[in-house]
Amino acid sequence: MKKNDFLFFTFFFISLSLMAQTDCSEGRYKDSLFTVDVLEDVVYGSNYNYLSINSTLRMDIYQPQGDVAIKRPLIIIAPGGSFVAENKQDYPTQILCQKFASLGYVAVGMDYRVGVLFPTQEQFRKALLRATHDMRAVVRYFRKDAATSNVYKVDTNIIVVGGSSAGAFMALHVGYLDKISEILSQEIDTTNLGGVEGLSGNPGYSSKVNYIVNLCGALGDTSFMEAGNIPVISMHGTNDNTVPYASGKAVGIIYVEGSATIKKRADNIGVENPFYSFYGADHVPYDASLNLSSYELYMDTTFAFVRDHLYNWICGGSSFVTNYKNEGIKISPNPFHEFTEISAIVPFQNASLEIIDITGKSVARYENMNDHKIIIHRKGLSNGLYLYKIYEHNILRSTGKLSIQ
């Protein structure tokens, strides 16, 4: 058996074991079943910040109201802010926590230490390590609770870490940076920082996690990812000017490897990694403060993509999958007689469109389209049903049916 095949089957049987312990009945983790209670400013630890001042670390805990489940998955979401600012109650963090708690998760929006002495690569890498230590402390907090008072009824076999931008950096490094040699390879001085685990609180408990949600983030080096590592869900704008979609400098300072490069590495070593590209979008397009025109549509897509893949991992199967490729795309009129228009909120880029008849034969093709709209003329096509496919950079973006009358 090939190594990657062995790793796949290992993950498959681990997933089956988790499924046997997880109650996915009555729409749990798929449908919004619950109203949500929020417990704000719960202290999870403390540590020294970049100015050597001891800082209290807090989190908001979102719980499904009236839920009687004995064990519930935990999802920890960290906000962005380029490691110079953060707010656990920013729009993306609050909305995602509310949405996941309504499904039956315990969801956490966390604060973490930010700040750099100088805008240098070394300072930003040290800030990332501090923040990663803080996220590990949150994981340990809930493992400690589960082993003692069990207030939050967290299933410690299903812990998800994620976030937006800097928060996604943290989650990726919690999941994949697990050796002191990897920290040293980034030229980080670990003096008084506490190595891999850090000193932010709740010692004696594991900080291991099961899944990663990477929303517009990056890794310092994709070599941190190794065969057998945990799965990652990634979403990223192809025109991100803050954190590179593939590889480059984040905030113009620190070299990182973004979601497209992470996908390539994950594919090569057999790590599960569903990946969604926000075509034509800039950084964190689902954030209302950054994108005032269509953030709600992007947020709906973001939540649905993450929800579906987590559900399939936690509950098994692949029956619950939304057609994300058609998000933000409309066809009107349909049926049509002479022409119809396919429009998209995010403009098509270097796109090609193919029309296929019911026999599977390609009957028309449009090339090199770069606009919000594609006009399709029947051009002698007979009445009937057709399938269209739109590709961008040779990747299928949208598919659907056309009817000519």
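Quick note: the coordinates plus some simple rules give every number you see, no bench work behind them. Quantities reported herein were computed from a predicted structural model and do not represent experimental measurements. All Cβ positions, even for glycine, are placed from backbone atoms using ideal geometry, and neighbour counts span all protein chains on display.
Convert each backbone phi in the stretch 64-74 into a coupling constant with the Karplus relation 6.51 cos²θ - 1.76 cosθ + 1.60 (shift: θ = phi - 60°), then list the ³J(HN,Hα) values in order as whole Hz, x for Gly and Pro.
So the Karplus estimates, Gly and Pro as x, are x, 5, x, 6, 10, 4, 6, 9, 9, x, 10 Hz.
Within the chain, which DSSP H helices have Cα atoms that stretch 20 Å or more along the helix axis and a mean Kyte-Doolittle hydropathy of at least -0.5?
3-21, 295-315
Once you have the Cα-Cα distance between LEU381 and ASN54, take 0.36 nm times their residue separation minus that, and quote the gain in nm to one decimal.
Going from the current span to full extension adds 110.5 nm.
If amide hydrogens are placed 1.01 Å from N in the peptide plane, which non-local residues have theirs closer than 5 Å to the one on SER164?
For SER164, whose amide H was placed from the backbone, the distant partners under 5 Å are ALA78, GLY80.
Given springs between every Cα pair under 10 Å in a Gaussian network model of the chain, which of THR35, THR359, THR190 has the largest fluctuation?
THR359
Picking from ARG72, ARG378, ARG130, which is most flexible by a Gaussian network model of the chain using Cα springs under 10 Å?
Residue with maximal mean-square fluctuation among ARG72, ARG378, ARG130: ARG378.
Output the relative contact order of the stretch 89-222, whole-number percent, from Cα pairs under 8 angstrom with separation of 6+ residues.
So the answer I get is 30 percent.
Just to be sure I understand: with springs between alpha-carbon atoms less than 10 Å apart, which residue in ASN210, ASN268, ASN239 has the highest mean-square fluctuation in the Gaussian network model of the chain?
Judging by the Gaussian network model, the answer is ASN268.
Calculate the FRET efficiency for VAL68 and VAL42 from the Cβ-Cβ distance with a Förster distance of 22 Å, rounded to the nearest 0.05.
Once the sixth-power term is evaluated, E becomes 0.50.
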